[in-house]
Each structure stands twice: as structure tokens, then as C-alpha cells.
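Report on one structure; see the data block that follows.
Every read-out reported here was derived from the displayed coordinates using simple, explicitly stated rules and does not represent laboratory data. Everything numeric in this text was worked out from a predicted model, so none of it was measured. Glycine also receives a Cβ, built like all others from the backbone with ideal geometry; neighbour counts cover every protein chain displayed.
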Amino acid sequence: MSQSVLHFALVGNPNCGKTALFNCLTGAKAKVANYAGVTVEKRSGPLAGLSRPAELIDLPGTYSLYVASPDEQVARRVILGEMAGEVRPDVLVAVIDATNIKLGLRLVLELKALGLPMVLVLNLADAARSRGINIRTELLAERLGMPVVETVAVRKNGVGDLQTALRSLAASVQTRTGNLSLPERSEAVESVYARIDALLAECVDAPEFTPRWQDKLDALVMHPVLGVAILAAILLLMFQAVFAWAAPVMDGIETLVGWLGEQVGALLPAGILHDFVVDGLIAGMGSVLVFLPQIIILFAFILALEDSGYLPRAAFLLDRMMRGVGLSGRSFIPLLSSFACAVPGIMSTRSIANPRERLVTIMTAPLMTCSARLPVYALVIGAFIPHRTVWGLFNLQGLTLFCLYIAGIASAALVAWITRQQQGEGNSFPLLLELPNYRWPNLYHFLVGLKERAWIFLSRVGTVILALSIVLWFLATFPHAPEDATLPAIEYSFAGMLGKLIQPLFEPLGFNWQMCIALIPAMAAREVAVSTLATVYAVSGGEDALGSSLAHSWTVPVALAYLAWFVYAPQCLSTIAVVRRETNSVRATLIFTGYLFALAYVAALLVRQLSAIWL
Amino acid sequence: MPSAHTPLHQLPKGAKATIVDIVSHAVFGDMDEQVTLRLKELGFLPGAMLQVIGFGLFGSDPVAVRINGTKFGLRRAEAEKVLATIHPM
């Protein structure tokens, strides 16, 4: 039985560096998945270098095994072996932020009472040392009866020590099955803390000290007025960057795709295969691939903000305001993640303990402009909004994009507010937000995260979008136009027929049938609307060329109405699927889909009519 | 004037105080005991020292405090559960 897989689990308070440690230990070979039915992101990966096969699992951060919000319950249930489809861990790797030992030790004592083999990791040991915190690890290990290792998130020597500790544990531990049960809570919190204080007095010298720059930064960032100004500036910078900084790289990708099309095209004889490869495959995938730089920039901002410790401050600042519409500071992070993609955003609503608030956050998350909408926005804005500098600082296109983001946010606030009026204010699980120490984002961890996101996008280009490009090219090519055709060939194709079929529905919005065709595959992925438009307008040569042909065939009010449609419409099957899974309710999913489509329709109608009057 | 037992949110910014008691609060209903426990688990125990470091956008809600070297944000309702005596500045 010595070859059976040994399961290790990383457990600890939120934000103590578990995931960074996980990346180091597994070489970032993480499989990212979700807990079935509970959907907190689950990471697991192989733990190399032990005498037997082993797997490491990264559990969601938790303060307690007894009092738990839903995401904390995941950690408890996995540890106890109550989670279906999850093997109970054989060894717990408890992680403590060494600058915050007291809080961490309380959880460690709870875990220790379970009787599983454990290792204690004092992470962020360098930060602790620079604050004059001196931990006698050998004594602590003796008192706790478990090995204690100091690590510095990525520095190799600490991780090496940890690996040594894990190796020696792996040699002695037997895999066992069956559930554990949580012992009755027999000891008052006061007496646990008394034990911890005694332990700390013996093992740790910790001067009362936080770095002054941290406090100064907090005074600034959490200032009621300055803090909000800083937050607004960060968000504006983020959106300007997405638009402006990405441009040169995007031009480069476009040129490259065009060149590739030419090279491959030259190799193929003229005919159906040539058209398929050049116009269908290369142009279709190229037109979506070009948005990779924007997506990378957006995620770079989100990951850096997440890692720096800034986000909880923003949640703190906005809490009162968000409560005004029935949400809380806790909803801020899921909603912010939804700017990248509503799917992880909705998944991260697990950390919202109040079920009603969680539902409202899920319902409004897709109103946050996700990165898949960027290609569509970028295309339409590029074609219809003049490239001009206003107020000497901002470019008008970036500003328009900013307005689209604001429209989504304002609508979300309105929707949340209306729901609250209907349902009344329930009592809520406490906010009790930990405001972690600021730190420089860990470069390795940051790059791993960025790579993961880029990879998710690229694999979509390679799978869903590739398949859709093929289907679309087929729909747009067959049946062929008759010999004596007078109209563009696509009007005779299946795509043309389909677009014309649904077009009457969109007539009041001013959408022509080309625009309607683009909406159909965009249900699988919004960004495909761009490649569809490229196909139906038979344009090759990149976004600029497509933009100029759109500028000739759409009026400005209709283009704006199209943007408004994309602000609201739940044009994304994966989002609908994740709502279904998260709410576990068909009714909620139908309401979700229905209300967003209705909103999209009304908004597009209003925008078209009003802008026709004003412009 | 802050009396000897002042709820957390009524303390001025920058004030240092010692927690005297964690009291029950009708707002939390059946959850009140859970909320008290969570507060205690995070270190909000009678005798613990804390410092008020800031307030949210509007008024004294939420309030940020430092306790045992960790900073937490608490809403008005949670803050009302925590009674403290202020240290002379």
C-alpha cells in the first residue's frame, strides 16, 4: 500500500500566502477546477520529490472550523472528508502569516485537535524578521508537537526545508480513509487565546510594531475623500491602459496574421480550400487573437491589485455605498473580477455569506464589462468614435469605453437597489473584512496567474472560437450564389437566411441582418461577433479595414445601439451555465437570462431613438 | 462624551482602547451568538487592546481597527457589539 497517493492539504487564514506556496511546491502545475456543487476554485497539483506519489490541494482560506461562511465551509468539509468526490487529506500543511501569528495559531490549535499529521509553515518570514519578530521555531515545534518550517513565499531555501519536512512525513504516514468528526467545541475562545499567549511569550519576541509606511499609506488610501479619488484614478488608468498601451502589440499581431494569411494563401491553389483556410480559419481566429494584449493588461492590473492587499481597502471604502443598494464591500471583489470575466466573478461570490446578497451579486455580475466584450467595443468605437484628444489628456475613444463601463456599473447598482426594495433588508453575516498588510506583488505568482488567464483565453481561441469560425465560414459560404447573382454572395447563404429570419425582431433597434447574424455565434463567446462581422462583410485585413466597412454601412445611432445591446445582453452561454450551477435553480437562471435580454433590448431601443434625436 | 463603555464606532479616529465586553445585538437575531464567536476568534476579546485607524466613506461605518497587529474592517452593527474603554491620548 506504500504506493497509494498521499494527499496533502494547504490550510490557513485568508491571504497568508497559501497559493504562492502552492505554486512553488507544485511548480505551478496546477489543475484548476471547482468543487462540484460548491464552486470555490479548487487547485490541486502533483507534489514531486517524495518517496511516493503525492498530491497537494490548496484549500480556500478560513479563520475557523466552527464558525464559517460558505467558502470557509469548503475547507472544513474537505479536511473532514465530507466533501463528495474529494479524498480526505492525509497530511495538513498549516500556513501562518508570520507577521500575524496569533490569529493563525488559533486555527492551528483547532486543526491539531483533529489528530491528523501536520506541518506548520511560518510564511512571510522575511517580513516578520524585518519587523523584529523573532520566532524560536524549534521550541515552537516542540510545544506544538509538529514540525515548523519558515518560508519566504518564493525563496528556494525555505521551500527546500518544507520539502524536506514533507518528505520525512511522507515516509511515515499511512493513507487512511473514512471521515473525521469535528470534536465538540469544548474550550472557550478566551482560554484558547490564553494558551496561545503563553505559547507566544515562550517562543516569540514580537515588538508592537507595524511599518509606518503601511499606516501612512492606509491613512491616504482609506481616507474618505482622497481614497475614493485614488480608487477612481486607478480604475481610469486601468481602462486607459487597456485601450492605449495594447495598441502597438495589437497592430503587430494583425500584421502577423495578415502575413500568415498571405503566406499560406500563396501555397494553396485558388478555390474552396484556399478560401476556407485564409478567410475562414486564419482571419476568423486572428480577429479574436488580436485582443490577447488587452486581456493580458486587464488581468495584470487585477492580479497586481489583488496581490498588493489594496482590494480589501477598496471594499472597505465602498461598503457603505454598496450597502445603499443592498450589497456590501464583499461584493466588490466578485464584481471587480467580473470585469475580466463574469464566470470567475460569479464563482467568487462564494465568499459572500448572505444568500440574498450573493444572489443579487450573481444577477448583476454580468453587467460588469467583461474582457470578451472589449473586442466588440473596440471595433465599434474604433469605427465610429473619432480619434481625438479631449481635455488635453484623454482620448475620446478611451473615454467612450470608460462610459460603457460606467453604464454597466450604474445599471448594476440600479438593479441591486430595485431588488432590495422588493425583498427588504435581511440581517447579514458580519462584514469583518481583514485588511492585510500591503506588499509588493510576488512576481512569480503574478506571472503564473497571468499565464493561466492568457492560456484560458488562447485555449478558447483554439477550441470554441476555432469551431465557430469553421461553422460560420460554412454558413456564410454555402449555398453558393447563383451564376447571375447581383447581390453579395453572402446574401444567398445560410448565414444570410438566418440573419434575415431574426432581423425583423431587431428592426426597431435598427440592426441590419449582418448585425443579427453576429449575435448568434456571439452566444458562445461575445468576441466571436467580431470575426462574424468580418466574415459577413467579407473583409480581410484586420480590424481597421473591418471598421471602415462598418462605418460605411451602419449609422452612428445604430452603432451606439449595438454597443448598448452588448452592455446588457447575456450573450454568453458559459455565464448562463455558471449561474445555473451557482444558484442551483432553473427559475433563477431563467429570470437572469430573461431580465438581461429585456434590458438589452430596451436599452438599445432607447439609445437608438435618443441618439437619433441628439446627434 | 464617550463614557467608560463606548461602542467601537463612537471612538475617535486614532484612539487606543481596551475591549471591555462583547455584548449581544438584536440586529443579528439567531446569528448573534455566531457573530460574537467570530469576533472573539478574530481576537476581539475583553482585555484586548485596539486602535481605531479609519472610517468608511460616510460617517463611522464601517470602522477599521488594528488589533493584535492585524487590521479589520467592521460594520456599524458589529462595532456596536464591541464595548471598549478609551485610553487617555
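Observations on the model:
- Charged-residue dipole, Cβ positions (Lys, Arg, Asp, Glu), region A:76-184 about Cα centre, Debye nearest 20: 160
- Between region A:508-524 and region B:18-89, the alpha-carbon center distance in angstrom: 53
- Residues A:K216, B:K71, sorted so that the one with the fewest Cβ neighbours within 10 Å comes first: A:K216, B:K71
- Sorting A:W614, A:W455, A:W245 from the fewest to the most surrounding beta carbons within 10 angstrom yields A:W614, A:W455, A:W245.
- As a length-normalised measure over Cα pairs under 8 Å and 6 or more apart, the relative contact order of chain A settles at 12 percent.
- Cβ-derived FRET efficiency at R0 25 Å, A:L466 paired with A:A266, nearest 0.05: 0.65
- Taking amide H positions as modeled 1.01 Å from N, with prolines and chain starts lacking one, the residues under 5 Å from B:K71 and 5 or more places away or on another chain are A:L435.
- For residues of A:581-594, the mean tally of beta carbons on other chains within 10 Å: 0
- When the alpha-carbon atoms of region B:6-86 are used, the pair Rg, Dmax equals 11.4, 33 angstrom.
- Taking max minus min of the alpha-carbon positions on each principal axis, region A:77-124 gives extents of 35, 20, 16 Å, largest first.
- Across region A:212-218, coupling constants 3J(HN,Hα) worked out from phi with the 6.51/-1.76/1.60 Karplus curve, θ = phi - 60°, read 4, 5, 5, 5, 5, 4, 4 Hz, and Gly and Pro carry x.
- Computed on the Cα atoms alone, the convex hull of region A:249-400 gives a volume of 169 cubic angstrom per residue.
- Binned Cα-Cα distances of chain A, short to long, each 10 Å bin given as a whole percent: 3, 15, 23, 23, 17, 11, 6, 2, 0, 0
- Neighbouring partner chain Cβ atoms per residue of A:191-197, average, 10 Å criterion: 2
- Applying the Karplus relation 6.51 cos²θ - 1.76 cosθ + 1.60 with θ = phi - 60° to region A:591-602 yields 3J(HN,Hα) values of 4, 4, 5, x, 5, 6, 5, 4, 4, 4, 5, 5 Hz, where x marks Gly and Pro.
- Note on A:I456 and A:A598: their simple-model spin labels are 3.1 nm apart, each label 7 Å out from Cα toward Cβ.
- The modelled label-to-label distance for the pair B:V20/A:E142, using points 7 Å beyond Cα in the direction of Cβ, is 4.3 nm.
- Calculated from backbone phi, Karplus (6.51, -1.76, 1.60) coupling profile of region A:355-370 in Hz, x at Gly/Pro: x, 5, 5, 5, 4, 5, 4, 4, 5, 9, 3, x, 7, 6, 5, 7
- Helical contribution to [θ] at 222 nm, DSSP H n ≥ 4, -39,500 (n - 2.57), averaged over chain B, rounded to 500: -5000 deg cm²/dmol
- Solution diffusion estimate, µm²/s, Stokes-Einstein, region A:6-205, Kirkwood Rh from C-alpha pairs, 4 °C, viscosity 1.567 mPa s: 76
- Inter-chain Cβ neighbour count for B:48-58, averaged per residue, equals 5 (cutoff 10 Å, partner chain atoms only).
- Using a cut-off of 24 Å between Cα atoms, the listed pairs A:K216/B:K16; A:K18/B:K13; A:K216/B:K40; A:K216/B:K13; A:K18/A:K451 include A:K18/B:K13; A:K216/B:K40 as exceeding that distance.
- Amide H contacts under 5 Å for A:G12, placed H, 5+ residues apart: A:T62, A:V95
- The ellipsoid that matches the Cα gyration tensor of region A:242-332 has semi-axes, each √(5λ) in whole angstrom, of 45, 15, 8, with the longest given first.
- Extension gain (nm, one decimal) between A:L182 and A:L396, 0.36 nm per residue minus Cα-Cα: 71.1 nm
- Among the GluC sites (Glu not before Pro) in region A:183-228, those placed in a DSSP loop whose Cβ has at most 15 other Cβ atoms within 10 Å are A:E184, A:E187, A:E208.
- Label sites at A:L231 and A:L505, each approximated as a point 7 angstrom past Cα along Cα to Cβ, lie 3.9 nm apart.
- Cβ-derived FRET efficiency at R0 22 Å, A:M523 paired with A:N584, nearest 0.05: 0.45
- For region A:78-106, the residues whose amide N sits under 17 Å from a probe point set 7 Å from the Cα of B:M49 along the beta carbon direction are A:102.
- Among A:M523, A:M322, the order by Cβ neighbours within 10 angstrom, fewest to most, reads A:M523, A:M322.
- For A:R185, no residue has an amide H sitting under 5 Å from its own, ignoring neighbours fewer than 5 places away on the same chain, with H placed 1.01 Å from N.
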